[in-house]
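Okay, so here's the structure we're looking at.
None of the figures in this text is laboratory data; all of them are computed from the coordinates on show. Here the structure is a predicted model, which is why all the values come from computation and not from measurement. In this analysis, Cβ positions are derived from the backbone assuming ideal geometry, glycine residues included, and neighbour counts consider all displayed protein chains.
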Amino acid sequence: MQQSATARDGILDAAQRVAARDGAGHVTLDAVAREAGVSKGGVLYHFPGKDALIAGMLERLIAEFEAEIERLRAEFAGGPNPSLRAMIAACGAMCDIERPVAMAILAAGAQNPDLLAPLRASIGAHLEQLAAECGDPERAFLLCAAADGMMLHHILGIAPYDADRRERLFARLAAMAEAPDAPFRPGKALATDAPYHASAQEAPDDND
């Protein structure tokens, strides 16, 4: 059993190397078999098709993300909103992964949305955790969605800001998540009138 798990992980490692080196479109069973140094039948033994291979890559990526959240939640335990802070910090850490790996998963998911079902389930579980823990769940959802959005900007290569600014924005989200939940005040105007400039200093908010 251990040997089989090791072989499976080796194939997933090979798939990630192919994606990182050659691009998402080159993640094929033949290419992964060559990279792993096994026959195509060896790949098919563990992953009976490309969809299964992509699903395995996503499963491992989610497991790594969840493990990072758990580690950070333990680190933030005893303070306010530990799950929210952990999720935001984990999104920042995920910006360090190889973009083509995530792109391969997203590209396959665009063709077969069912492949992304585990990701949808993971996000749903996160939102349930925030609803149970945070005094203002909708505020928590918004902060978490902002972190998810910046992570997606990085994965897709469409961020209109550099890595230093991304780190500052994640730090800003972390500070907002650590602050006690403020009561929602209906009708309060949002500071969105001024146009956004990448070089402009962020406007202050109530949590600063």
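Structure summary
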{"item": "Modelled FRET efficiency - R0 25 Å, L156 with E75, Cβ distances, 0.05 increments", "result": "0.30"}
{"item": "Rounded to the nearest 20 debye, dipole of segment 2-178 from Cβ charges on Lys, Arg, Asp, Glu", "result": "340"}
{"item": "Around A14: net Lys/Arg minus Asp/Glu count, Cβ-Cβ under 9 Å", "result": "0"}
{"item": "Extension gain (nm, one decimal) between D22 and R120, 0.36 nm per residue minus Cα-Cα", "result": "32.5 nm"}
{"item": "As computed over segment 2-178, the Cα convex hull volume per residue (Å³)", "result": "124"}
{"item": "Euclidean distance between Cα centres, segment 98-126 to segment 1-71, Å", "result": "15"}
